[in-house]
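Note sheet for the following structure.
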Amino acid sequence: MRVIAGTARSMPLRTVKGLDTRPTTDKTKETLFNILQPDIPGCRFLDLFSGSGAIAIEALSRGAAHAVLVEQNPKACTCILENLRFTKLIDRAELQKCSVQSALQRMEGQKPFGIIFMDPPYEQGLERQVLEYLAHSTLADADTVIVTEASLRTSFEYLEELGFRAYKYKKYKTSQHVFIIKVPDDGYVDCMPATRS
(Lines give C-alpha, C1' and ligand atoms only; values in the text may rest on other atoms or scores of the structure.)
Protein backbone atom coordinates (compact mmCIF):
# COMPACT_ATOMS: atom_id res chain seq x y z
CA MET A 1 0.00 0.00 0.00
CA ARG A 2 1.28 3.46 -0.87
CA VAL A 3 0.38 7.13 -0.92
CA ILE A 4 -1.00 7.85 -4.39
CA ALA A 5 -0.60 11.62 -4.83
CA GLY A 6 0.62 14.81 -3.22
CA THR A 7 3.62 15.62 -1.05
CA ALA A 8 4.06 12.02 0.13
CA ARG A 9 3.40 10.48 -3.29
CA SER A 10 4.58 6.87 -3.79
CA MET A 11 5.71 6.48 -0.17
CA PRO A 12 4.92 2.97 1.13
CA LEU A 13 2.67 2.60 4.16
CA ARG A 14 2.63 -0.09 6.80
CA THR A 15 -0.56 -2.09 7.31
CA VAL A 16 -1.82 -3.91 10.37
CA LYS A 17 -1.31 -7.68 10.31
CA GLY A 18 -4.35 -9.84 10.96
CA LEU A 19 -8.03 -9.55 10.14
CA ASP A 20 -9.04 -6.79 12.56
CA THR A 21 -8.51 -4.10 9.93
CA ARG A 22 -9.33 -4.09 6.22
CA PRO A 23 -7.04 -1.79 4.19
CA THR A 24 -8.63 0.05 1.28
CA THR A 25 -6.84 -1.03 -1.92
CA ASP A 26 -4.80 1.51 -3.85
CA LYS A 27 -7.17 1.33 -6.81
CA THR A 28 -10.24 1.93 -4.65
CA LYS A 29 -8.45 4.71 -2.77
CA GLU A 30 -7.49 6.40 -6.05
CA THR A 31 -11.12 6.33 -7.23
CA LEU A 32 -12.28 7.73 -3.89
CA PHE A 33 -9.83 10.62 -3.94
CA ASN A 34 -10.50 11.47 -7.57
CA ILE A 35 -14.06 12.21 -6.42
CA LEU A 36 -13.06 14.02 -3.20
CA GLN A 37 -10.13 16.04 -4.57
CA PRO A 38 -12.01 19.36 -5.14
CA ASP A 39 -13.02 19.40 -1.44
CA ILE A 40 -9.64 18.42 0.07
CA PRO A 41 -7.28 21.44 -0.12
CA GLY A 42 -7.35 23.30 3.20
CA CYS A 43 -10.06 21.14 4.74
CA ARG A 44 -10.31 19.57 8.19
CA PHE A 45 -10.50 15.80 7.65
CA LEU A 46 -11.95 13.28 10.10
CA ASP A 47 -11.02 9.61 9.61
CA LEU A 48 -13.11 7.23 11.74
CA PHE A 49 -12.10 3.57 12.21
CA SER A 50 -8.72 4.61 10.79
CA GLY A 51 -6.92 1.26 10.58
CA SER A 52 -3.45 2.04 9.18
CA GLY A 53 -4.30 5.73 8.71
CA ALA A 54 -3.91 5.47 4.94
CA ILE A 55 -7.04 7.49 4.10
CA ALA A 56 -6.20 10.44 6.35
CA ILE A 57 -2.57 10.35 5.20
CA GLU A 58 -3.70 10.50 1.57
CA ALA A 59 -5.87 13.50 2.42
CA LEU A 60 -2.99 15.27 4.18
CA SER A 61 -0.63 14.50 1.30
CA ARG A 62 -3.14 16.07 -1.09
CA GLY A 63 -3.46 19.28 0.91
CA ALA A 64 -5.87 18.82 3.81
CA ALA A 65 -4.97 21.34 6.51
CA HIS A 66 -5.48 18.97 9.44
CA ALA A 67 -6.68 15.42 10.05
CA VAL A 68 -8.08 13.70 13.11
CA LEU A 69 -7.71 9.92 13.08
CA VAL A 70 -9.80 7.77 15.43
CA GLU A 71 -8.76 4.19 16.17
CA GLN A 72 -8.98 2.03 19.30
CA ASN A 73 -6.93 -1.00 18.22
CA PRO A 74 -3.49 -0.56 19.91
CA LYS A 75 -1.57 -2.26 17.08
CA ALA A 76 -3.33 -0.08 14.52
CA CYS A 77 -2.52 3.05 16.55
CA THR A 78 1.17 2.12 16.53
CA CYS A 79 0.97 1.59 12.77
CA ILE A 80 -0.74 4.96 12.26
CA LEU A 81 1.94 6.82 14.20
CA GLU A 82 4.73 5.08 12.26
CA ASN A 83 3.06 5.96 8.95
CA LEU A 84 2.53 9.58 9.97
CA ARG A 85 6.16 9.94 11.04
CA PHE A 86 7.48 8.22 7.90
CA THR A 87 5.46 10.49 5.60
CA LYS A 88 6.40 13.57 7.69
CA LEU A 89 2.72 14.49 8.09
CA ILE A 90 2.44 13.99 11.84
CA ASP A 91 2.54 17.73 12.60
CA ARG A 92 -0.85 18.17 10.87
CA ALA A 93 -2.47 15.10 12.39
CA GLU A 94 -4.11 14.16 15.68
CA LEU A 95 -4.63 10.55 16.73
CA GLN A 96 -7.43 9.76 19.17
CA LYS A 97 -6.89 6.31 20.70
CA CYS A 98 -10.45 5.47 21.71
CA SER A 99 -13.81 4.32 20.37
CA VAL A 100 -15.46 6.38 17.67
CA GLN A 101 -18.38 7.32 19.92
CA SER A 102 -16.01 8.51 22.64
CA ALA A 103 -14.03 10.59 20.14
CA LEU A 104 -17.16 12.20 18.69
CA GLN A 105 -18.42 13.13 22.14
CA ARG A 106 -15.00 14.48 23.10
CA MET A 107 -14.88 16.72 20.00
CA GLU A 108 -18.48 17.93 20.27
CA GLY A 109 -18.66 21.73 20.12
CA GLN A 110 -15.81 22.05 17.62
CA LYS A 111 -16.43 23.55 14.20
CA PRO A 112 -17.61 21.20 11.41
CA PHE A 113 -15.17 19.04 9.48
CA GLY A 114 -14.94 19.50 5.71
CA ILE A 115 -14.80 15.75 5.07
CA ILE A 116 -15.69 12.85 7.37
CA PHE A 117 -14.67 9.38 6.21
CA MET A 118 -15.59 6.15 7.97
CA ASP A 119 -14.77 2.55 7.22
CA PRO A 120 -16.31 0.56 10.08
CA PRO A 121 -16.42 -3.24 10.29
CA TYR A 122 -18.99 -4.38 7.75
CA GLU A 123 -22.62 -5.18 8.54
CA GLN A 124 -22.61 -4.28 12.22
CA GLY A 125 -24.72 -1.13 11.88
CA LEU A 126 -21.87 1.10 13.02
CA GLU A 127 -22.21 3.55 10.14
CA ARG A 128 -25.82 4.19 11.12
CA GLN A 129 -24.80 4.81 14.73
CA VAL A 130 -22.27 7.42 13.58
CA LEU A 131 -24.78 9.09 11.27
CA GLU A 132 -27.38 9.19 14.04
CA TYR A 133 -24.84 11.07 16.15
CA LEU A 134 -23.75 13.41 13.35
CA ALA A 135 -27.36 14.30 12.57
CA HIS A 136 -27.42 16.54 15.65
CA SER A 137 -23.71 17.30 16.03
CA THR A 138 -21.63 20.43 15.51
CA LEU A 139 -19.04 18.27 13.75
CA ALA A 140 -20.99 18.12 10.48
CA ASP A 141 -23.06 20.71 8.66
CA ALA A 142 -24.59 21.10 5.19
CA ASP A 143 -21.12 21.72 3.71
CA THR A 144 -19.57 18.55 5.20
CA VAL A 145 -18.96 15.63 2.84
CA ILE A 146 -19.50 12.33 4.67
CA VAL A 147 -18.18 9.19 3.00
CA THR A 148 -19.00 5.72 4.26
CA GLU A 149 -17.31 2.55 3.06
CA ALA A 150 -19.64 -0.42 3.44
CA SER A 151 -20.45 -3.81 1.97
CA LEU A 152 -22.68 -3.92 -1.09
CA ARG A 153 -25.39 -5.51 1.08
CA THR A 154 -25.59 -2.50 3.41
CA SER A 155 -28.74 -0.42 2.94
CA PHE A 156 -28.83 3.34 3.43
CA GLU A 157 -32.58 3.75 2.99
CA TYR A 158 -32.77 5.39 6.43
CA LEU A 159 -30.71 8.45 5.43
CA GLU A 160 -33.64 10.74 4.73
CA GLU A 161 -35.24 10.15 8.13
CA LEU A 162 -31.95 11.23 9.75
CA GLY A 163 -31.78 14.40 7.65
CA PHE A 164 -29.16 13.22 5.16
CA ARG A 165 -29.04 12.66 1.42
CA ALA A 166 -26.76 10.34 -0.57
CA TYR A 167 -25.59 12.21 -3.66
CA LYS A 168 -23.33 9.50 -5.06
CA TYR A 169 -22.81 5.74 -4.79
CA LYS A 170 -19.56 4.25 -6.07
CA LYS A 171 -19.73 0.47 -6.19
CA TYR A 172 -16.81 -1.97 -6.37
CA LYS A 173 -16.67 -5.78 -6.44
CA THR A 174 -17.62 -6.35 -2.80
CA SER A 175 -17.90 -2.86 -1.32
CA GLN A 176 -19.23 0.62 -1.95
CA HIS A 177 -18.49 4.22 -1.09
CA VAL A 178 -21.59 6.25 -0.24
CA PHE A 179 -21.21 10.05 -0.43
CA ILE A 180 -23.58 11.79 1.95
CA ILE A 181 -24.51 15.37 2.91
CA LYS A 182 -26.78 16.87 5.52
CA VAL A 183 -29.95 18.41 4.15
CA PRO A 184 -30.37 21.98 5.49
CA ASP A 185 -33.40 22.67 7.69
CA ASP A 186 -35.19 24.33 4.77
CA GLY A 187 -34.50 21.27 2.60
CA TYR A 188 -32.79 23.37 -0.06
CA VAL A 189 -29.20 22.62 -1.03
CA ASP A 190 -27.69 25.87 -2.35
CA CYS A 191 -25.02 25.93 -5.03
CA MET A 192 -24.40 22.19 -5.10
CA PRO A 193 -20.76 21.66 -6.21
CA ALA A 194 -20.19 19.71 -9.40
CA THR A 195 -18.69 16.86 -7.39
CA ARG A 196 -22.03 16.42 -5.60
CA SER A 197 -24.36 16.26 -8.58
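With a/c under 1.5 counting as rounded, go ahead and sort region 1-128 into rounded, prolate or oblate using the C-alpha gyration tensor (a ≥ b ≥ c being the square roots of the eigenvalues; past the cut-off, prolate if a/b is larger than b/c, else oblate). Walk me through the intermediate numbers first.
Details: a/c = 1.34, a/b = 1.11, b/c = 1.21.
It is rounded, given that a/c, with a ≥ b ≥ c, falls under 1.5.
Could you state the accessible area per residue of region 143-184 in Å², with a 1.4 Å probe and every protein chain left in place?
On the way: 2040 Å² over 42 residues.
Spelled out: the 1.4 Å probe surface of region 143-184, per residue, equals 49 Å².
State in Å² the accessible area per residue of region 10-102; use a 1.4 Å probe, count heavy atoms of protein chains only, and round to the nearest integer. Don't skip to the answer; put the middle values down first.
Values: 4140 Å² over 93 residues.
Here the per-residue accessible area is 45 Å².
Kindly write out, for region 43-57 in residue order, the coupling ³J(HN,Hα) from the Karplus curve 6.51 cos²θ - 1.76 cosθ + 1.60 (θ = phi - 60°), rounded to whole Hz, with x marking Gly and Pro.
Per-residue couplings from phi come out as 7, 8, 10, 10, 10, 9, 6, 5, x, 7, x, 4, 5, 5, 5 Hz.
Report, in deg cm²/dmol and to the nearest 500, the calculated mean residue ellipticity at 222 nm for the chain, where each DSSP H run with n ≥ 4 adds -39500 (n - 2.57) and the sum is divided by the residue count. Could you put the intermediate results ahead of the total?
Working: 6 runs with 53 residues, N = 197.
That calculation yields -7500 deg cm²/dmol at 222 nm.
How about residue 75: which lysines have a C-alpha closer than 17 Å to its C-alpha, ignoring those fewer than 8 places off in the same chain?
Filter leaves 17, 97.
Of all DSSP beta bridges located in the chain, what percent are antiparallel, nearest 5? Present the calculation step by step, with values, prior to reporting the outcome.
Numbers: 14 of 31 bridges.
Roughly 45 percent of the DSSP beta bridges within the chain come out antiparallel.
Please list, in chain and number order, the residues 5+ apart from residue 168 or on another chain whose amide H is under 5 Å from its amide H, with Hs placed from the backbone.
Counting only residues 5 or more places away or on other chains, the set is 179.
If you stretched the chain out fully between residue 17 and residue 158, how much longer would it get, using 0.36 nm times the residue separation minus the C-alpha to C-alpha distance?
Between residue 17 and residue 158, full extension yields 47.3 nm more.
Rounded if a/c is under 1.5, else prolate if a/b is larger than b/c, else oblate: which is region 37-103, with a ≥ b ≥ c the root eigenvalues of its Cα gyration tensor?
Working: a/c = 2.21, a/b = 1.40, b/c = 1.58.
Taking the square roots of the gyration eigenvalues as a ≥ b ≥ c, region 37-103 is oblate.
Among 127, 161, 58, which one shows the highest mean-square fluctuation when the chain is modelled as a Gaussian network with alpha-carbon springs under 10 Å?
In the Gaussian network model the winner is 161.
Compute a Gaussian network model of the chain, connecting alpha carbons closer than 10 Å, and tell me which residue from 88, 182, 173 fluctuates the most.
173
Decide, for region 46-197, between rounded, prolate and oblate: order the square roots of the alpha carbon gyration tensor eigenvalues as a ≥ b ≥ c, take rounded if a/c falls under 1.5, and otherwise choose prolate if a/b is larger than b/c, else oblate. Can you show the working numbers first?
Details: a/c = 1.59, a/b = 1.43, b/c = 1.12.
Verdict is prolate for region 46-197.
Could you calculate the contour length gain from residue 172 to residue 151, that is, 0.36 nm times the residue separation minus the distance between their Cα atoms, to one decimal place in nm? The partial results should precede the final answer.
On the way: separation 21, 0.36 × 21 = 7.56 nm, distance 0.93 nm.
Residue separation times 0.36 nm, minus the Cα-Cα distance, leaves 6.6 nm.
Which ³J(HN,Hα) values, rounded to whole Hz and listed in residue order, are derived for region 26-38 from phi using the Karplus coefficients 6.51, -1.76 and 1.60 in 6.51 cos²θ - 1.76 cosθ + 1.60 with θ = phi - 60°, glycine and proline given as x?
Along region 26-38, the couplings run 4, 5, 5, 5, 5, 4, 4, 6, 4, 6, 7, 3, x Hz.
Contour minus end-to-end for residue 28 and residue 9, with contour as 0.36 nm per residue of separation and end-to-end as the Cα-Cα distance?
Details: separation 19, 0.36 × 19 = 6.84 nm, distance 1.62 nm.
This chain segment gains 5.2 nm when fully extended.
The values are calculated or read from the model by the stated rules, or taken from the named source; none is laboratory data. Bear in mind the structure is a predicted one, so any value in this text is a computation, not a measurement. For the accessible areas, the whole protein counts, side chains as well, though only heavy atoms, and no ligand, DNA or RNA atoms are used. Shrake-Rupley method; radii C 1.70, N 1.55, O 1.52, S 1.80 Å.
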